[in-house]
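First up is the structure itself, then whatever we jot down about it.
The values are calculated or read from the model by the stated rules, or taken from the named source; none is laboratory data. None of the values given here were measured: they were computed from a predicted structure. FYI the Cβ positions are ideal-geometry reconstructions off the backbone, even for glycines, and counts take in every protein chain you see.
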Amino acid sequence: MSSATAAALHPAQRRVLAVLVAAQILSGAGLAAGITVGALLAEDMLDTTGLSGLPTALFTAGSALAAALIGRASQRRGRRVGLAAGYAVGALGAVGVVVAATVDSVVLLFAALLLYGSGTATNLQARYSGADLATPAHRARALSAVLVATTLGAVVGPNLVTPLGTLAQTWNIPSLAGPFLLAAVAYSAAAIVLWALLRPDPLLTARALADPAPDDLPDPDVAATGRGGDDRRRILLGAAVMVLAQLVMVAIMTMTPIHMQHHGHTVGAAGVVIAVHVAAMYLPSPLSGYLVDRYGRMPLARASGLTLLAAGLVAGFSPPESVPLLSVALGLLGLGWSFGLVSGTAIITDNTALATRAKTQGLVDVAIAVAGAGGGLASGLVVATGSYTVLSLAGGVLAVALLPVITLAVRPRHTSHPGDRPAATTRR
């Protein structure tokens, strides 16, 4: 039995997945807080719509820095240290947002949002931990199991916006800062769970078991990286898939609550739409993982672009008063992001050696976070100078840029497999 197969059967794998799932359920609530009310809080404090995308830009910029640091820490000391520290910093940032809103300090708000972004980076990087001990044939499903766990907290969080706002007001805290109280508790709890229970460390265990063999690569989408080498070409491709998906998703998502509020909807209604969106980001993860493992990385990367295009079209042409249609649009937006994230993550993990994997994954997530920051910042400006419809349609068209990127990057290497579908003879 090869070491890769042994790693999949290692008793640590089930424990690792269980601990990661528990931490993701907790952190999901903290992740959803900023998504739901961040733009509304900024608009209230800055008294302008043009800069209402700034919170998303700031905490995604903070997540970019955190992603690099978490990747380096994980590479040197294991996933447990990197992930626990990331959530702890995110909790500190959430507390800072609450204080900033209470004392009406824009400068403190901006600084706190940068720290708060660490929680977002950590939530995403946790997916890599689920794949550390999995074979290539099961990597997408393993990482999707971690992603789907975020659903519970992420769906519950936005629907607690109103009661948390009421609770905050009883403590003389602005109501829009209420969800960040939940984020502080959720991120702190996730950090404690990971620090105390993520033993043995999945990345360090995978290194101890490492003995890569070419015949363990069952999919022509999985490049032959050799012993200890990285396929930089495929790494860039996986990064491109996730960067474009993140850019489009963040831009449209950020402005949806603002768009709804400007057309008479309540914060609670916006919370419902965001809950649908976040559920669609994470709940279909097992399906995304199965499809990626079954049909290959590239077909699902293409499906990501087409689904995001559909989301942009539905959002752009939906009547502003229709909550159901906006929910459908945001649901498609989340699903397209899921396809892109799972396929892109699998491509990255397939083509990085264990000796450099965590560091490379961290740098890729930096690019994803920068794309999210750009999308969040630009979204407010586009809506202020144009409209939500313009933003949605532009995002949908941009998402289709995934298709030529994938085609140009893959075709020269795999002309014998134009569909990039796994060959039946390689399955076991």
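Consider the range 262-310 and keep the residues that are in a helix (DSSP H, G or I) and of a type in the set (Val, Ile, Thr). The one that is farthest from the chain's Cα centre (by Cα) is VAL267. The residues on offer are THR122, THR135, and the sole one that is hydroxyl-bearing (Ser, Thr, Tyr) and within 20 Å of TYR187 (Cα to Cα) is THR122.
Restricting to the range 373-428, what's the tally of residues that are polar (S, T, N, Q) and modelled with pLDDT of 85 or more? Let's see the steps before the verdict.
Step one: filter the range 373-428 for residues polar (S, T, N, Q), giving 379, 385, 387, 389, 392, 407, 415-416, 425-426.
After this cut, where a residue has to be modelled with pLDDT of 85 or more as well, the list is 379, 385, 387, 389, 392.
Residues flagged as polar (S, T, N, Q) and modelled with pLDDT of 85 or more within the range 373-428 amount to 5.
Among the residues here, ARG294 qualifies as under 22 Å from LEU403 (Cβ atoms) and not β-branched (Val, Ile, Thr).
On the basis of being part of a helix (DSSP H, G or I), closer than 28 Å to PHE339 by Cβ, of a type in the set (Lys, Arg) and touching a Gly at 6+ places or on another chain (Cβ under 7 Å), does ARG127 make the cut? Spell out the reasoning first.
Numbers: part of a helix (DSSP H, G or I): yes; closer than 28 Å to PHE339 by Cβ: yes; of a type in the set (Lys, Arg): yes; touching a Gly at 6+ places or on another chain (Cβ under 7 Å): no.
Criteria not met by ARG127.
Of the set (1) at pLDDT below 90; (2) closer than 20 Å to GLY153 by Cα; (3) surrounded by fewer than 21 Cβ atoms within 10 Å (Cβ to Cβ), all apply to ALA189 but (1).
Considering every residue within the range 154-163, establish whether at least one is within 19 Å of the chain's Cα centre (by Cα), closer than 25 Å to GLY344 by Cα, hydrophobic (A, V, I, L, M, F, W, C) and modelled with pLDDT under 90. Yes; the residues of the range 154-163 include at least one that is within 19 Å of the chain's Cα centre (by Cα), closer than 25 Å to GLY344 by Cα, hydrophobic (A, V, I, L, M, F, W, C) and modelled with pLDDT under 90. Is it the case that VAL370 is buried (at least 24 other Cβ atoms within 10 Å of the Cβ), in a helix (DSSP H, G or I) and hydrophobic (A, V, I, L, M, F, W, C)? Here the answer is no, as VAL370 does not meet what is asked. Checking the range 344-362 against the condition returns no match, with no residue being part of a helix (DSSP H, G or I), in contact with a Ser or Thr (Cβ under 6 Å, 6 or more places away or on another chain), surrounded by fewer than 24 Cβ atoms within 10 Å (Cβ to Cβ) and hydrophobic (A, V, I, L, M, F, W, C). Yes or no: GLY316 modelled with pLDDT of 90 or more and buried (at least 24 other Cβ atoms within 10 Å of the Cβ)? Against the criterion (modelled with pLDDT of 90 or more and buried (at least 24 other Cβ atoms within 10 Å of the Cβ)), GLY316 does not qualify. Per the listing ILE35, ILE70, the residue uniquely closer than 20 Å to LEU147 by Cβ, within 18 Å of the chain's Cα centre (by Cα), of a type in the set (Val, Ile, Thr) and modelled with pLDDT of 90 or more is ILE70.
Yes or no: VAL99 part of a helix (DSSP H, G or I), of a type in the set (Val, Ile, Thr) and surrounded by fewer than 19 Cβ atoms within 10 Å (Cβ to Cβ)? Show your work before the answer.
Working: part of a helix (DSSP H, G or I): yes; of a type in the set (Val, Ile, Thr): yes; surrounded by fewer than 19 Cβ atoms within 10 Å (Cβ to Cβ): yes.
In short, yes.
For the range 50-68, the condition holds for at least one residue, the condition being that it is outside any helix (DSSP H, G or I) and of a type in the set (A, V, I, L, M, F, W, C). When each of VAL292, VAL267, VAL273 is tested for being β-branched (Val, Ile, Thr), buried (at least 24 other Cβ atoms within 10 Å of the Cβ) and under 30 Å from PRO163 (Cα atoms), the lone residue that passes is VAL273.
Taking TRP195 as the residue in question, decide whether it is over 19 Å from ALA126 (Cα atoms), at pLDDT 90 or above, surrounded by fewer than 19 Cβ atoms within 10 Å (Cβ to Cβ) and over 19 Å from the mean Cα position of the chain (by Cα). Step through it out loud before you land on a result.
Working: over 19 Å from ALA126 (Cα atoms): no; at pLDDT 90 or above: yes; surrounded by fewer than 19 Cβ atoms within 10 Å (Cβ to Cβ): yes; over 19 Å from the mean Cα position of the chain (by Cα): yes.
So TRP195 does not fit the description; no.
Pairs are defined by a Cβ separation below 9 Å, a sequence spacing of at least 6 or placement on different chains, a first member in the range 144-157 that is over 14 Å from LEU124 (Cα atoms), and a second member that is assigned to a loop (DSSP other than H, G, I, E, B) and at pLDDT 75 or above; the pairs so defined are VAL155/LEU283. Looking only at the range 133-140, decide whether some residue is part of a helix (DSSP H, G or I), under 18 Å from the mean Cα position of the chain (by Cα) and touching a residue at least 60 places away in the same chain (Cβ under 8 Å). Yes, because at least one residue in the range 133-140 is part of a helix (DSSP H, G or I), under 18 Å from the mean Cα position of the chain (by Cα) and touching a residue at least 60 places away in the same chain (Cβ under 8 Å).
Each row is one residue, and each column tells you yes or no for (1) surrounded by 20 or more Cβ atoms within 10 Å (Cβ to Cβ); (2) at pLDDT 85 or above.
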site	(1), (2)
ALA210	no, no
ASP215	no, no
PRO220	yes, no
ARG227	no, no
ARG234	yes, yes
MET253	yes, yes
ILE258	yes, yes
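Scan the range 321-339 and give yes if some residue there is hydrophobic (A, V, I, L, M, F, W, C), at pLDDT 90 or above, out of contact with any His (no Cβ under 7 Å at 6 or more places or on another chain) and under 30 Å from LEU204 (Cα atoms), otherwise no. Yes - at least one qualifying residue is present in the range 321-339.
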